[in-house]
Amino acid sequence: MMLRVGIGINVDMTDDVLSAIDQPATSLRQLLDTTPSVDEVLSVLTSKLKSRFLSLEENVSPIDDYRSKLLYKNEEIVIREGDIVMDEEKKVVRDSKGKIVYRFKETKGIFHDVTNQGFLILRPSCGDELIIASGEIVPRVEHDL
Amino acid sequence: MKRFFLTFLTLCLISTPSWSSLEEVEPLEENYKETTVTLSDKSLVTRFHYNDVESTQKTAKSHLNPECWGVVTADSQSKGYGLWGRSWKSPIGNSFSTFCIPLDRECVRHISWIPPLAGLAVADTFAALGVSEDEIGVRWINNVLVSGKKLLVLSLKRILRIAL
């Protein structure tokens with residue numbers, strides 16, 4: 001099996017271009033005293049990516065590092081376009097007709113934690129804890145604006 | 001146990017909608033140069049650099065090698081995209097790359113960790129370049145933000161079979 005990982009990084013974006021983007025955005029030029037070259041960014045990125053994959057090959061779990069960097073933990077969030085919902089016993093959730101729920105448009109709850117597989121544990125205001133494998137999260141306050 | 005593992009693996013594969021399993025390979029374009037990227041451990045990765053492409057993701061289909069890593073880069077993209085196919089502004093002066101990565105058996109066993117891992121690698125990169133670690137956060141699954149602002153776009157595609 002092979003993987004293609006596409007990564008675009010804002011390195012030298014002007015304020016004009018950034019302000020035209022439909023969400024808060026920045027670039028390394030705005031963040032650092034000296035803007036690195038694209039080649040420098042590529043070299044560091046390739047090294048870091050290889051190092052992370054090597055750790056995985058060596059069976060080192062990234063969970064602690066991942067947890068420490070996660071945003072919105074213990075906050076109310078909305079998950080859009082999510083996939084695979086499991087209940088706390090890791091059984092797939094079935095709808096009222098007994099069909100397995102693979103996809104959902106939107107669901108809300110407290111972002112409790114991630115599982116050992118990196119899946120998101122969501123605590124809805126009512127019902128069982130859900131384990132969600134993919135989707136896009138938005139903080140509830142941003143979503144309700 | 002075997003049955004559990006197979007079920008788990010199936011769920012992981014189904015659960016990555018932004019990954020496609022089989023895709024047509026684009027013909028190799030001629031206007032590019034082939035160089036290498038030197039890593040911090042002095043090892044080398046082949047780099048296929050283009051002046052302009054629709055997207056490095058698309059062009060990378062022509063550079064898959066199951067034996068080793070490679071990276072396709074471009075000065076600019078005309079149709080760069082990210083999560084859910086959203087367009088991504090790709091003017092000159094920024095970094096556009098797609099890494100072609102052969103996965104060994106151990107990586108496949110931990111396949112659910114691959115999307116978060118890509119985000120962590122980008123977070124590592126920002127820190128190494130001098131961005132304050134306190135400002136770097138990951139919005140699950142792999143959307144890395146700096147002080148709450150977007151700085152990158154990430155897209156992953158899985159290839160089960162390579163047509164060379």
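The values are calculated or read from the model by the stated rules, or taken from the named source; none is laboratory data. Predicted model, so just to flag it, every value in this text is computed and none were measured. Cβ: placed from backbone, ideal geometry, glycine included. Neighbour counts: every protein chain shown. Protein only, heavy atoms only, side chains kept; ligands, DNA and RNA dropped before computing areas. Shrake-Rupley method; radii C 1.70, N 1.55, O 1.52, S 1.80 Å.
Evaluating B:Pro66 against the criteria (1) in contact (Cβ under 8 Å) with a residue 40 or more places away in the chain; (2) open to solvent by 30 Å² or more (accessible area, probe 1.4 Å); (3) more than 7 Å from chain A (Cβ to nearest Cβ) leaves one unmet condition, (3).
Each residue in the stretch A:27-42 was checked for being open to solvent by 30 Å² or more (accessible area, probe 1.4 Å) and at the interface with another protein chain (Cβ under 7 Å from one of its Cβ atoms), and 2 pass.
Look through the stretch A:11-26, keep the residues that are open to solvent by less than 20 Å² (accessible area, probe 1.4 Å) and within 7 Å of chain B (Cβ to nearest Cβ), and return whichever of them is nearest to A:Ser37 (Cα to Cα).
First, pick out the residues of the stretch A:11-26 that are open to solvent by less than 20 Å² (accessible area, probe 1.4 Å): A:11, A:13, A:18, A:25-26.
Remaining after also requiring within 7 Å of chain B (Cβ to nearest Cβ): A:11, A:13, A:25-26.
On the way: A:Val11: 8, A:Met13: 12, A:Ala25: 19, A:Thr26: 16 Å.
Among those residues, the one meeting the criterion is A:Val11.
So, A:Glu142, is that one outside any strand (DSSP E or B), at pLDDT 70 or above, of a type outside the set (S, T, N, Q) and open to solvent by 80 Å² or more (accessible area, probe 1.4 Å) or not? It is true that A:Glu142 is outside any strand (DSSP E or B), at pLDDT 70 or above, of a type outside the set (S, T, N, Q) and open to solvent by 80 Å² or more (accessible area, probe 1.4 Å). Entry remark, the stretch A:43-55: residues being at the interface with chain B (Cβ under 7 Å from one of its Cβ atoms) and among the polar types (S, T, N, Q) number 3 in total. Here A:Gln117 passes the criteria (1) open to solvent by less than 30 Å² (accessible area, probe 1.4 Å); (2) within 19 Å of B:Ala121 (Cα to Cα); (3) modelled with pLDDT under 90 except the one numbered (1). A:Ile77 meets all of the listed conditions (1) farther than 20 Å from B:Ile136 by Cβ; (2) at pLDDT 95 or above but one, namely (1).
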